[in-house]
1. Within the range 122-141, count every residue that is buried (at least 18 other Cβ atoms within 10 Å of the Cβ) and touching a Lys or Arg at 6+ places or on another chain (Cβ under 9 Å).
2. Can you name the residue in the range 55-83 that is farther than 16 Å from residue 115 by Cα and of a type in the set (S, T, N, Q) and, of all such residues, is nearest to the chain's Cα centre (by Cα)?
3. Within the range 15-29, is there a residue that is in contact with a Pro (Cβ under 7 Å, 6 or more places away or on another chain) and part of a helix (DSSP H, G or I)?
4. Looking only at the range 60-102, filter to residues that are in a strand (DSSP E or B) and of a type in the set (Lys, Arg); which one of those is surrounded by the fewest Cβ atoms within 10 Å (Cβ to Cβ)?
5. Only one of these is modelled with pLDDT of 90 or more, surrounded by fewer than 18 Cβ atoms within 10 Å (Cβ to Cβ) and farther than 23 Å from residue 60 by Cα: 300, 260, 293. Name it.
6. I need the full set of residues from the range 208-249 which are at pLDDT 90 or above and basic (Lys, Arg), in order please.
7. Restricting the first residue to the range 66-95 and requiring it to be at pLDDT below 95, which pairs with a second residue that is in a helix (DSSP H, G or I) meet a Cβ separation below 6 Å and a spacing of at least six or different chains?
8. When residue 184 is evaluated against the numbered criteria (1) free of Cβ contacts under 8 Å to residues at least 24 places away in the same chain; (2) of a type in the set (Asp, Glu); (3) over 14 Å from residue 131 (Cβ atoms), which criterion, by number, is the only one it fails?
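The values are calculated or read from the model by the stated rules, or taken from the named source; none is laboratory data. Predicted, not measured: the structure shown is a model, and the values here were computed from it. Heads up, the Cβs are rebuilt from the backbone with ideal geometry, glycines too, and the neighbour counts pull from every protein chain shown.
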Amino acid sequence: MEDRYGHQISYLRLSITDRCNERCRYCLPQETQEWLPREGVLTYEEIIRITRIGASLGVKKLRVTGGEPLVRRGVTGLIRSLHAIPGINDIGLSTNGTLLASPDPDGPPDATMAQQLAHAGVRTINVSLDTLAPAAYALATGRDFLPKVLAGLDAAQSAGIASIKLNCVLMRGTNEDCLPELVDFAHQRHLLLRFIELMPVSRTEVLRDDTFLSTMEARRRLEARFGPLTPRPDFRTNGPASYYEIPGRRQLIGLIGAMTNLHFCESCNKLRLTCDGKLRPCLGSHLEFDLLTVLRAGATDAEIADFFRHVVERKPKEHDFRDGYIPQRHMTAIGG
């Protein structure tokens, strides 16, 4: 599949639940939520069928997200089934990390969730970690779960996950003084760390001067501590991060500037499938197309393939976050 701008669409992000065990201010800012009813969420069988059809059209990489994907029962069985689909060669998971060290409810009692995910075919795990300061972590997430995250990282590394990345969302007034500590932590653990600008996905207030922290300012703060960062345009991952090398050590960090990088969308190859069956061509656009209704009305595989092509044809050139974007759904409903 190719969009109007020459992007080869090969990456599908699959949200499997809107539920989460944390309440991050930029993602799920209300303590009490009205979760989607079970019948309004894609079944695993439906997700597998959609993915199989997407793979026949050129989708190669998947990322399983939520909400928090590990709160949904049977996730490791789903991943095993996704891993078996011809054409799928890379499965990643985005998680807050709090359940990685816990036992899989559907697996052996002596195996961690991280071990079960590795056995199921997960190759990469992205873990949200905005700070190492317990009080700041609790403030940012609404939960005092930092020890669980650190235990989860230990479990993921012990399980032999090929690639573990840390994602830190930049928040003025919360973690701007914690950035060097996170860099040192990632260096000690041999983890790839990315700093991500706030986006107005769930709330517009995140772009206020007292909350928004740009990647440019983050870079200046890091250079004040470590010295000049060396750009590494030769290093790429599947996402939009720009990578830099910390002087004096063989450590790379990534900066993801959706708001300040005017070239942010130039290499986008993604589609998003929400847990309630909406196919979205762009995170930063209100465009979404109701695949769930089409699917449950008895659509054939060929009709679903045409649905994919229809959505790709409408993929915008760039996101709308800089143009007065007004959120309509929380990030947990869209997929992290």
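1. Residues of the range 122-141 buried (at least 18 other Cβ atoms within 10 Å of the Cβ): 122, 124-131, 136-137, 140-141.
Filter once more, keeping what is touching a Lys or Arg at 6+ places or on another chain (Cβ under 9 Å): 124-127, 137, 140-141.
Looking only at that region, the number is 7.
2. 65
3. There is no residue in the range 15-29 that is in contact with a Pro (Cβ under 7 Å, 6 or more places away or on another chain) and part of a helix (DSSP H, G or I).
4. Filtering the range 60-102 for residues in a strand (DSSP E or B) gives 61-65, 90-95.
Keeping just the survivors that are of a type in the set (Lys, Arg) gives 61, 63.
Numbers: 61: 18, 63: 24.
Going through the qualifying residues, I end up with 61.
5. On the way: 300 fails: farther than 23 Å from residue 60 by Cα; 260 fails: modelled with pLDDT of 90 or more.
The match here is 293.
6. Residues satisfying the conditions are 219, 220, 221, 225, 232, 249.
7. Here the result reads 67/332, each pair linking the range 66-95 to a residue that is in a helix (DSSP H, G or I).
8. The one condition residue 184 does not meet is (3).
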